[in-house]
Amino acid sequence: MTSSTTTDSLLSCCDNYILIDVGANITNKKFLRDIDSVVQRAKESGIQKIIVPGSSIKSAKEALRLAKFHPGTVYATAGIHPFEAKSWEESQMLELQEILQDTECVAVGEIGLDYTKDFSPRDVQKYVFEKQVALACQLKKPIILHEKGAHEDVMEVLKKYEDTLPPLVFHSFVGTFDEAKSYLQFDTSYIAVSGYICKDNSTNGIQKLIESKALPLNRILVETDSPFLYPNARSSKLPTQVKSTFTQRSLKFLERYCTFQRNEPCSLPIIVEIVAGLMNKPAEEVALASTLNALKVFGLSS
């Protein structure tokens, strides 16, 4: 399918924005009782596809099982999260490879480094991270990358594989303007924007990155990171001109289905509208760009 055909089909699909949530933790126990309804509400709000991250062998298998129940809508990823790195065993590499062979498992992740909580020793995190980066390069699978407080070490590992890196998705980015610019030096990098954008109270974070247009449309992805990071549309950290752009339809889904205790994929349109407001661009343009980016990164058909 050509890019123009893909664009036309997306624009004509329905009245909602056409969106892909590139990170929704819907295997979380908070969704245990009503997962089918969660997926249905996502569809009603314009979400065409949902990427469900695996952060351990167990959760990756759960994500893949969910993908089998919702073919064409839900897709899985598989990786060992830095929090889980302390439990690493070399045999897990074979298990990861097996899961990643499935066509509905579309990325390696979440993997990375987190030095803000140190749930796993840093040297162990780094070892496990590099092993999985090498695997992603071998399999030519995109990487869903979790990084907090570890920019320099993440850059060190990525530079070792710079010539063979697959697409890099910096999941729910919470770093600084300068860190994002550094990551974007890799031609395969994408910044995934989540509800954290409502919580950013720095002068050098994700809001500045978007408002300054330092993050181009062809490198933006959007995600809810549900059930976490509720996109608080009333946050005092959001400029008034951004709030004024919210559509009533998006607010309706947000208020009806999402709470501070549980965020759902159907909240994604509000995140798109926040990005659009900060960029001073039509929300439809941001939605289309993020969706086309996601289709390209994960090798999905529209």
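The values are calculated or read from the model by the stated rules, or taken from the named source; none is laboratory data. Nothing here was measured: the structure is a model prediction, and the numbers come from that model. No Cβ is skipped: glycine too gets one built from the backbone with ideal geometry, and neighbour counts run over all protein chains shown. All accessible areas refer to the heavy atoms of the entire protein, side chains included, with ligands and DNA or RNA removed. Shrake-Rupley method; radii C 1.70, N 1.55, O 1.52, S 1.80 Å.
Residues with amide H under 5 Å of Leu221's amide H, sequence separation 5 or more or different chain, H placed in the peptide plane at 1.01 Å from N; which?
Under 5 Å from the amide H of Leu221: Ile191, Ala192, Val193.
Would you mind checking Lys243/Lys296; Lys181/Lys213; Lys49/Lys243; Lys131/Lys199; Lys117/Lys199 for any pair whose Cα atoms are more than 23 angstrom apart?
Working: Lys243/Lys296 30 Å; Lys181/Lys213 11 Å; Lys49/Lys243 26 Å; Lys131/Lys199 33 Å; Lys117/Lys199 19 Å.
Table pairs above 23 Å Cα-Cα are Lys243/Lys296; Lys49/Lys243; Lys131/Lys199.
When the helices in the chain are scored as -39500 (n - 2.57) per DSSP H run of 4 or longer and the sum is shared across all residues, what 222 nm value do you end up with, to the nearest 500 deg cm²/dmol? Before the final figure, lay out the partial values.
Details: 12 runs with 125 residues, N = 302.
Helix contribution divided over all residues of the chain: -12500 deg cm²/dmol.
Report the full-extension gain for the segment Leu217 to Lys281: residue separation times 0.36 nm, less the Cα-Cα distance, to one decimal in nm.
Values: separation 64, 0.36 × 64 = 23.04 nm, distance 1.02 nm.
That works out to 22.0 nm of additional length.
Would you tally the net charge around Glu162, using a Cβ to Cβ cut-off of less than 13 Å, leaving Glu162 out, and scoring K and R as +1, D and E as -1? Present the calculation step by step, with values, prior to reporting the outcome.
Numbers: positive: Lys159, Lys160; negative: Glu156, Asp163, Asp187.
Overall, the nearby charge balance is -1.
Sort largest first and round to whole Å: the equivalent ellipsoid semi-axes of the stretch 102-210, each the square root of five times a Cα gyration tensor eigenvalue. Could you put the intermediate results ahead of the total?
Values: eigenvalues 100, 52, 36 Å².
With the √(5λ) rule applied to the stretch 102-210, the semi-axes are 22, 16, 13 Å.
What accessible area, in Å² to the nearest ten, does a 1.4 Å probe give for Ile191?
Surface accessible to solvent at Ile191 totals approximately 0 Å².
Leaving out ligands, DNA and RNA but keeping every protein chain, what accessible area does Ile57 have, in Å² rounded to the nearest 10, with a 1.4 Å probe?
20 Å²
Taking the Cα centre of the stretch 106-263 as origin, work out the dipole magnitude from +1 charges on Lys and Arg Cβ and -1 charges on Asp and Glu Cβ, in debye rounded to 20.
Details: 21 positive and 19 negative charges, 162 e Å.
Dipole about the Cα centre, nearest 20: 780 debye.
Please give the net charge around Gly23, taking every other residue with its beta carbon less than 10 angstrom from that of Gly23, where Lys and Arg add +1 and Asp and Glu add -1. Don't skip to the answer; put the middle values down first.
Numbers: positive: none; negative: Asp21, Glu110, Glu223, Asp225.
After counting each charged neighbour, the total is -4.
Give me the distance in nm between label points sitting 7 Å out from Cα along the Cα-to-Cβ direction at Thr259 and Thr116, one decimal.
2.5 nm
So if each residue of separation counts as 0.36 nm, and I subtract the Cα-Cα distance between Glu95 and Lys181, what length gain in nm does that give?
Numbers: separation 86, 0.36 × 86 = 30.96 nm, distance 3.45 nm.
So the chain would gain 27.5 nm between Glu95 and Lys181.
Could you report the stretch 1-151's accessible area per residue, 1.4 Å probe, as an integer in Å²? The partial results should precede the final answer.
Values: 6800 Å² over 151 residues.
For the stretch 1-151, the solvent-accessible area averages 45 Å² per residue.
Based on Cβ point charges of +1 for Lys and Arg and -1 for Asp and Glu, what charge dipole magnitude is obtained for the chain about its Cα centre, in debye rounded to the nearest 20? Numbers along the way, then the final one.
On the way: 34 positive and 37 negative charges, 161 e Å.
With Lys and Arg at +1 and Asp and Glu at -1, about 780 debye.
How big is the C-alpha Rg of the stretch 136-286 next to the rule-of-thumb value 2.2 N^0.38 Å, as a ratio?
On the way: Rg = 15.7 Å, N = 151, 2.2 N^0.38 = 14.8 Å.
Normalised Rg, Cα atoms only: 1.06.
With an 8 Å Cα cut-off and a minimum separation of 6 or more residues, compute the relative contact order for the chain in percent.
On the way: 584 pairs, mean separation 57.4, N = 302.
It comes to 19 percent, rounded to a whole number.
What figure, in Å² to the nearest 10, do you get for the accessible area of Thr164 with a 1.4 Å probe and non-protein molecules left out?
The accessible area comes out at roughly 80 Å².
Keeping the other protein chains in place, figure out the carbon and sulfur percent of the accessible area of the chain, with a 1.4 Å probe. Walk me through the intermediate numbers first.
Numbers: 6410 of 13110 Å².
Answer for the chain: carbon and sulfur cover 49 percent of the accessible area.
Around Leu251, what is the net charge, scoring Lys/Arg as +1 and Asp/Glu as -1 over all other residues with Cβ under 11 Å from its Cβ?
Details: positive: Arg234, Lys243, Arg249, Lys252, Arg256; negative: Glu255, Glu273.
Net charge in that neighbourhood comes out at +3.
Calculate, for the stretch 217-302, the solvent-accessible area per residue in square angstrom, rolling a 1.4 angstrom probe over the heavy atoms of the protein chains.
Details: 3550 Å² over 86 residues.
Dividing the accessible area of the stretch 217-302 by its residue count gives 41 Å².
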